[in-house]
Structure formats: structure tokens, C-alpha cells
Amino acid sequence: MVKYLLKITAVLENLTNLQPQGGFDDFDFVYLFKLKCEWCGEVSQKEIGVTLNVTNISHPIGKGKPNLARKCKLCERIGTITMIPDRGQPLTLETSESEKYVPLMLFDVSGYEPVDYVFGPSWRAESMKGTKFENIDLSSGKFAEYDEKGKCPRVVIYDLRSTFDVVY
Ligand SMILES: [Zn+2]
């Protein structure tokens, strides 16, 4: 098993505290990424979704309850992913400006390497004047609105980036 810490960053304008709508450990928040098979190198064609609310208790390898057990289409070996919650931190404007990444979720992965994380719907953030923006959809890679309540200029999110860091 190798642990991968998914970390993200983005350019934020007049916004701070970007995070999943229901929090990092929201059982329904879907983490979407591709899986590269450790044995044969095959990369899944589509992103695979993992959520805390799905546990695969019937899988044959090891102990615990992985959130995903998947057979590689090419070599047919089974790999698993177990999510380890309680690691997420909101992306603040300050972190964004210093081009640093913040942790989102930790994955204990066997048989695969996670690659190509994709941002989806259900994010939230707040303007520097405290106006809350809910259910932000980052699927298109950007978000732009006006903060009329806070009389702020435009609030923008773009240049989304992510990385999976191996954690020992
Ligand atoms: Zn394979």
C-alpha cells in the first residue's frame, strides 16, 4: 500500500477558503481521477469516482473497507483505494498567492497510482468581504462572479492545479 496525498491550488481573485461544499470529509463529495495500473501500466480511459459513502466490503485482499476495488481491464489484477479523511485544508488567498498547494484528501492505494485529478461540482468559497459563494462548479476549470453584496470587484477562480504526493 502506498499513500497518496491529493493536493490542489488555483489562482483566486478576491476569494478565499476554497473547499468542498460539505467539507473535505463530506461522504457524498466525489473525488475523480484516473488510475494507472502498477503492474501493466494501463491508465483507465475515464476518471474513476471515489467517495467516502461507498465501501467495498466484499473485496478479497487484506483487511479494512476500501472505498473502491477495481480490476485492471488489461491484466485483470485487483487494486484498491481506501480514503483517509481528516487531512483537508481550505485554499486561502494567501496560499494561492504564494503558489503553494493545500491537502485535500489522503488515499491509501494498492495496485494503482492515482493520476489526473479532475475538479468537479460542489465547491464553496467566500469573498474577501465575507460573501459566501455556494455550489461552485469547477468542472469547466474556472469560475467568475460578481460580489454585489460585498461591493467587491469580480471574484474569480482559475488555473486549477493538482498533484498526488507520495506520503511515507
Ligand atoms: Zn494492469
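The values are calculated or read from the model by the stated rules, or taken from the named source; none is laboratory data. Source: prediction; values computed, not measured. Quick reminder, even Gly has a Cβ in these numbers, built from the backbone with ideal geometry, and neighbours come from all protein chains shown.
Considering each residue of region 48-58, count those that are surrounded by fewer than 17 Cβ atoms within 10 Å (Cβ to Cβ) and either of a type in the set (A, V, I, L, M, F, W, C) or touching a Phe, Trp or Tyr at 6+ places or on another chain (Cβ under 8 Å) (or both), and give that number.
The first filter runs over region 48-58 and keeps only residues surrounded by fewer than 17 Cβ atoms within 10 Å (Cβ to Cβ), leaving 48-49, 51, 53-58.
Checking which are either of a type in the set (A, V, I, L, M, F, W, C) or touching a Phe, Trp or Tyr at 6+ places or on another chain (Cβ under 8 Å) (or both) leaves us with 48-49, 51, 53-54, 57.
Summing the residues that are surrounded by fewer than 17 Cβ atoms within 10 Å (Cβ to Cβ) and either of a type in the set (A, V, I, L, M, F, W, C) or touching a Phe, Trp or Tyr at 6+ places or on another chain (Cβ under 8 Å) (or both) in region 48-58 gives 6.
Residues in region 28-52 that are among the small types (Gly, Ala, Ser) and more than 14 Å from the ligand (Cβ to nearest atom): 49 alone. Could you list, in sequence order, the residues of region 141-168 that are without any contact (Cβ under 8 Å) to a residue 60 or more places away in the chain and under 21 Å from residue 23 (Cα atoms)? If the condition is that a residue be without any contact (Cβ under 8 Å) to a residue 60 or more places away in the chain and under 21 Å from residue 23 (Cα atoms), then 141, 142, 143 are the ones that fit.
Candidates in region 31-47 are the residues that are under 11 Å from residue 117 (Cβ atoms) and of a type outside the set (D, E, K, R); of these, the one that is surrounded by the fewest Cβ atoms within 10 Å (Cβ to Cβ) is 32. Restricting 77, 87 to residues that are of a type in the set (Lys, Arg), surrounded by 13 or more Cβ atoms within 10 Å (Cβ to Cβ) and within 16 Å of the ligand (Cβ to nearest atom) narrows the list to 77.
Does any residue of region 62-79 turn out to be touching a helix residue (DSSP H, G or I) at 6+ places or on another chain (Cβ under 9 Å) and either among the hydroxyl-bearing types (Ser, Thr, Tyr) or assigned to a loop (DSSP other than H, G, I, E, B) (or both)? Talk me through it step by step, then tell me what you get.
Filtering region 62-79 down to residues touching a helix residue (DSSP H, G or I) at 6+ places or on another chain (Cβ under 9 Å) leaves none.
The answer is no, given that none of the residues of region 62-79 is touching a helix residue (DSSP H, G or I) at 6+ places or on another chain (Cβ under 9 Å) and either among the hydroxyl-bearing types (Ser, Thr, Tyr) or assigned to a loop (DSSP other than H, G, I, E, B) (or both).
Please tell me if residue 145 is buried (at least 16 other Cβ atoms within 10 Å of the Cβ), modelled with pLDDT under 95 and on the phi < 0 side of the Ramachandran plot. For residue 145, the condition - buried (at least 16 other Cβ atoms within 10 Å of the Cβ), modelled with pLDDT under 95 and on the phi < 0 side of the Ramachandran plot - is met. Per the listing 168, 158, the residue uniquely modelled with pLDDT of 95 or more and aromatic (Phe, Trp, Tyr) is 158. Are any of the residues in region 133-146 part of a loop (DSSP other than H, G, I, E, B) and more than 25 Å from residue 50 (Cβ to Cβ)? Scanning region 133-146 turns up no residue that is part of a loop (DSSP other than H, G, I, E, B) and more than 25 Å from residue 50 (Cβ to Cβ). Quick one: would you say residue 122 is more than 16 Å from the ligand (Cβ to nearest atom), hydroxyl-bearing (Ser, Thr, Tyr) and free of Cβ contacts under 8 Å to residues at least 40 places away in the same chain? No. Looking at 64, 150, just one residue is surrounded by fewer than 18 Cβ atoms within 10 Å (Cβ to Cβ), at pLDDT below 95, closer than 21 Å to residue 35 by Cβ and not basic (Lys, Arg), and that residue is 64.
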